[in-house]
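J.: There's a structure below that I have some questions on.
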Amino acid sequence: MTVGTVVRSVVGDSAVLRIDIAGALPDNHSLRSLLLSDAQYAALLAGITAELTARDPVLRAGFTPTDAFYPAHGRFHLLRTCNVWLGEKLRAAGVRFGLWTPLPLSVSVSHGLYH
(Lines give C-alpha, C1' and ligand atoms only; values in the text may rest on other atoms or scores of the structure.)
Protein backbone atom coordinates (compact mmCIF):
# COMPACT_ATOMS: atom_id res chain seq x y z
CA MET A 1 0.00 0.00 0.00
CA THR A 2 1.40 3.38 -0.98
CA VAL A 3 1.28 6.65 0.95
CA GLY A 4 -0.97 8.05 -1.79
CA THR A 5 -3.45 5.22 -1.26
CA VAL A 6 -3.58 5.88 2.47
CA VAL A 7 -4.02 9.64 1.96
CA ARG A 8 -6.85 9.08 -0.56
CA SER A 9 -8.60 6.70 1.83
CA VAL A 10 -8.63 9.39 4.51
CA VAL A 11 -9.39 12.53 2.49
CA GLY A 12 -11.41 10.86 -0.24
CA ASP A 13 -11.35 9.84 -3.85
CA SER A 14 -13.78 9.47 -6.71
CA ALA A 15 -16.24 6.63 -6.27
CA VAL A 16 -16.19 3.48 -8.34
CA LEU A 17 -18.50 0.50 -8.26
CA ARG A 18 -16.91 -2.95 -8.42
CA ILE A 19 -19.09 -5.49 -10.18
CA ASP A 20 -18.28 -9.18 -10.41
CA ILE A 21 -20.02 -12.29 -11.68
CA ALA A 22 -20.92 -14.67 -8.87
CA GLY A 23 -22.93 -17.26 -10.77
CA ALA A 24 -25.27 -19.75 -9.16
CA LEU A 25 -24.65 -20.52 -5.50
CA PRO A 26 -24.88 -24.06 -4.18
CA ASP A 27 -27.84 -24.81 -1.91
CA ASN A 28 -25.54 -25.46 1.05
CA HIS A 29 -23.54 -22.21 0.85
CA SER A 30 -22.55 -20.56 4.11
CA LEU A 31 -22.93 -16.96 2.96
CA ARG A 32 -25.21 -14.54 4.77
CA SER A 33 -28.38 -13.76 2.89
CA LEU A 34 -31.22 -11.26 2.91
CA LEU A 35 -34.81 -12.06 2.11
CA LEU A 36 -36.10 -9.19 -0.03
CA SER A 37 -39.57 -8.59 -1.37
CA ASP A 38 -39.91 -8.05 -5.11
CA ALA A 39 -40.31 -4.31 -4.45
CA GLN A 40 -37.21 -4.17 -2.24
CA TYR A 41 -35.16 -6.08 -4.80
CA ALA A 42 -36.31 -3.78 -7.61
CA ALA A 43 -35.54 -0.69 -5.50
CA LEU A 44 -32.10 -2.03 -4.56
CA LEU A 45 -31.25 -2.82 -8.17
CA ALA A 46 -32.48 0.61 -9.31
CA GLY A 47 -30.47 2.31 -6.56
CA ILE A 48 -27.29 0.50 -7.52
CA THR A 49 -27.79 1.13 -11.23
CA ALA A 50 -28.42 4.83 -10.60
CA GLU A 51 -24.94 5.11 -9.06
CA LEU A 52 -23.18 4.34 -12.34
CA THR A 53 -21.95 7.31 -14.34
CA ALA A 54 -20.71 5.39 -17.40
CA ARG A 55 -21.30 2.09 -19.15
CA ASP A 56 -17.61 1.43 -19.76
CA PRO A 57 -15.40 0.25 -16.90
CA VAL A 58 -12.34 2.18 -15.79
CA LEU A 59 -10.58 -1.08 -14.91
CA ARG A 60 -11.19 -4.69 -15.90
CA ALA A 61 -10.01 -7.72 -13.95
CA GLY A 62 -9.19 -5.86 -10.77
CA PHE A 63 -9.40 -8.57 -8.10
CA THR A 64 -10.74 -11.49 -10.14
CA PRO A 65 -10.70 -12.35 -13.85
CA THR A 66 -14.42 -11.47 -14.09
CA ASP A 67 -14.74 -8.20 -12.16
CA ALA A 68 -14.66 -4.63 -13.39
CA PHE A 69 -14.70 -1.17 -11.81
CA TYR A 70 -17.19 1.39 -13.12
CA PRO A 71 -17.18 5.13 -12.43
CA ALA A 72 -19.88 6.11 -9.97
CA HIS A 73 -21.46 9.17 -8.36
CA GLY A 74 -19.97 10.61 -5.21
CA ARG A 75 -16.78 10.12 -3.28
CA PHE A 76 -15.56 7.71 -0.68
CA HIS A 77 -13.38 8.43 2.34
CA LEU A 78 -12.60 7.16 5.80
CA LEU A 79 -16.10 7.92 7.13
CA ARG A 80 -17.99 6.88 3.97
CA THR A 81 -16.71 3.45 3.08
CA CYS A 82 -18.18 0.80 0.80
CA ASN A 83 -19.88 -0.65 3.88
CA VAL A 84 -21.59 2.69 4.58
CA TRP A 85 -22.68 2.80 0.93
CA LEU A 86 -24.12 -0.71 1.25
CA GLY A 87 -26.17 0.32 4.28
CA GLU A 88 -27.44 3.42 2.47
CA LYS A 89 -28.57 1.38 -0.54
CA LEU A 90 -30.29 -1.26 1.59
CA ARG A 91 -32.13 1.32 3.72
CA ALA A 92 -33.19 3.24 0.61
CA ALA A 93 -34.68 -0.01 -0.72
CA GLY A 94 -36.73 -0.39 2.46
CA VAL A 95 -34.51 -2.99 4.13
CA ARG A 96 -33.86 -2.56 7.86
CA PHE A 97 -30.17 -1.99 8.38
CA GLY A 98 -27.86 -0.09 10.73
CA LEU A 99 -27.70 3.69 10.50
CA TRP A 100 -23.94 3.75 9.99
CA THR A 101 -21.98 0.67 8.96
CA PRO A 102 -18.38 1.76 8.26
CA LEU A 103 -16.71 -1.58 9.00
CA PRO A 104 -17.35 -5.18 7.99
CA LEU A 105 -18.12 -5.90 11.66
CA SER A 106 -20.84 -3.22 11.71
CA VAL A 107 -22.40 -4.80 8.61
CA SER A 108 -22.30 -8.21 10.32
CA VAL A 109 -23.83 -6.84 13.53
CA SER A 110 -26.55 -5.04 11.60
CA HIS A 111 -27.34 -8.18 9.62
CA GLY A 112 -27.49 -10.18 12.84
CA LEU A 113 -29.81 -7.68 14.51
CA TYR A 114 -32.29 -7.29 11.69
CA HIS A 115 -32.11 -10.48 9.61
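The values are calculated or read from the model by the stated rules, or taken from the named source; none is laboratory data. These numbers were taken from a predicted model, which means no experiment stands behind them. Note: ideal-geometry Cβ built from the backbone for every residue, glycine included; neighbour counts use all protein chains shown.
J.: Quick one: is P26 within 26 Å of H111 (Cβ to Cβ) and free of Cβ contacts under 8 Å to residues at least 24 places away in the same chain?
T.: Here the answer is yes, as P26 does meet what is asked.
J.: Counting only residues that are out of contact with any Gly (no Cβ under 9 Å at 6 or more places or on another chain) and polar (S, T, N, Q), which one in the stretch 13-65 is surrounded by the most Cβ atoms within 10 Å (Cβ to Cβ)?
T.: Step by step, filter the stretch 13-65, then rank; the result is T53.
J.: A further question follows. Based on what the data block shows, is G112 of a type outside the set (A, V, I, L, M, F, W, C), in contact with a strand residue (DSSP E or B) (Cβ under 7 Å, 6 or more places away or on another chain) and either at pLDDT 95 or above or not in a loop (DSSP other than H, G, I, E, B) (or both)?
T.: Here the answer is no, as G112 does not meet what is asked.
J.: I would also like to ask the following. With respect to R60, is the statement that it is at pLDDT 90 or above and touching a strand residue (DSSP E or B) at 6+ places or on another chain (Cβ under 7 Å) true?
T.: In short, no.
J.: I need every pair where a residue in the stretch 78-104 that is on the phi > 0 side of the Ramachandran plot has its Cβ under 9 Å from the Cβ of a residue that is in a loop (DSSP other than H, G, I, E, B) and of a type outside the set (K, R), sequence separation at least 6 or different chains.
T.: What qualifies is G94/L36; G94/S37.
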